[in-house]
Amino acid sequence: MSEFFPVFVFLCISTLLSLLILGLSFVFSVQKPDPEKLSAYECGFDPFGDARERFQVQFYLVAILFIIFDLEITYLFPWAVVLKDIHFFGFLTIVLFLLVLTLGFFYEWRKGALTW
C-alpha cells in the first residue's frame, strides 16, 4: 500500500484545496438574491419548448470524449506510481494506450464530430 501513498496525498490535498476555495468564495461573495436568480432558470427569460426535446448528436459525442479522457487520467495515476518497477515494457504499454486514444480523438475531429 505504500506505493499508493502519493495518490492518497494528492487526493487529500486536492479535496482540501477545493473545499477551501468553495468556502472562501461563499464567505467573500456578494449574495443579493432576487426573483430572477431564484427562478428555475437563471438565463434571464422564461423557459420555452418541451424539456424532452431531442439534442444533436454532437452533445453526446463531446460527453463521450470527456468520459474517455477522464478515464485516461484515472489510468495514468497508478501507472505513474509504479513506473520505476515496470521499466520499458510498462512505458511502451502506456504509450500505446495514449496513442490509441489520440488516434480516436483525431478521427472524431477529422469526421467533424466536434464542429457545431
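Read the figures in this text as sums done on the coordinates, not as results from a lab. Nothing here was measured: the structure is a model prediction, and the numbers come from that model. Cβ coordinates were reconstructed from backbone atoms using ideal geometry, including for glycine residues, and neighbour counts include every protein chain displayed.
In this label model, LEU101 and TRP79 are separated by 0.7 nm, measuring between points 7 Å along each Cα→Cβ vector. Here the Karplus curve 6.51 cos²θ - 1.76 cosθ + 1.60, taken at θ = phi - 60°, turns the phi angles of the stretch 90-96 into couplings of x, 5, 5, 5, 6, 5, 4 Hz, with x standing for Gly and Pro.
Here's the picture: charge each Lys and Arg Cβ at +1 and each Asp and Glu Cβ at -1 in the chain, and of PHE66, VAL81, PHE97 the one pushed furthest to the positive end of that dipole is PHE97. In this rough spin-label picture, where each label sits 7 Å from Cα along the Cβ direction, the SER29-PHE5 distance is 3.8 nm. Ranked by the mean number of other Cβ atoms within 10 Å per residue, highest first, peptides 53-62, 22-31 order as 53-62, 22-31. Only one of the values (i) 8; (ii) 13; (iii) 56 was calculated from this structure for percent of Cα pairs over 26 Å apart; name its label. For percent of Cα pairs over 26 Å apart, the calculated option is (iii).
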